[in-house]
């Protein structure tokens, strides 16, 4: 090609560029994994909780968007308007692909972090139940709630060890009974 000859942008070139970008880019679609569908019943699972790849998609999508705007607004002769617009549309499509991939990636990583927090809470509850001698219930059953601790110095005892009620109708000790300090005499 002689110097100064513009590159002719055609539909096959745009399609080829889109296919290459789809295969080599849109990192979140390819590499970010959300939590498994049945994660609430699993004792262990892995997923992607890091936002590095969705952020990469945002940066690349922004670069493609700037390139699409630059391609569309770059001054060219009237005869080159069609290929210029086709190129701008193709690059804008790439920008949209990366933006959609970033959205999907951020959504998956957020769901992953929530699912991992839920797993951590369930694991802690199961460890508490096992340490207290209680077995874990079946999946989906409510988590064990340990009995609330009662401080015997603050709250009075209940049940058979509690003091009898103090009301005015309680019988008073008679004068015939021995006092608490006297030793009762044996009867013969």
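Every read-out reported here was derived from the displayed coordinates using simple, explicitly stated rules and does not represent laboratory data. Note that the coordinates shown come from a computational prediction; the quantities given were computed from them, not determined experimentally. Here the Cβ positions follow ideal geometry from the backbone for every residue, glycine too, while neighbour counts run over all protein chains shown.
Please compute the contact order of the stretch 51-132 in relative form: average sequence separation of alpha-carbon pairs under 8 Å and at least six residues apart, divided by the residue count, as a percent.
Details: 53 pairs, mean separation 33.9, N = 82.
After rounding, I find 41 percent.
Rounded if a/c is under 1.5, else prolate if a/b is larger than b/c, else oblate: which is the stretch 51-132, with a ≥ b ≥ c the root eigenvalues of its Cα gyration tensor?
prolate
Starting with the highest mean, order 43-52, 58-67 by the number of other Cβ atoms within 10 Å, averaged over the residues of each peptide.
Numbers: 43-52: 13.9, 58-67: 16.8.
Highest-to-lowest ranking by the protection proxy: 58-67, 43-52.
Let's test the formula: R0 of 35 Å, r as the Cβ-Cβ distance of residue 85 and residue 110. What FRET efficiency results, to the nearest 0.05?
Values: r = 37 Å, r/R0 = 1.06.
Once rounded, the FRET efficiency stands at 0.40.
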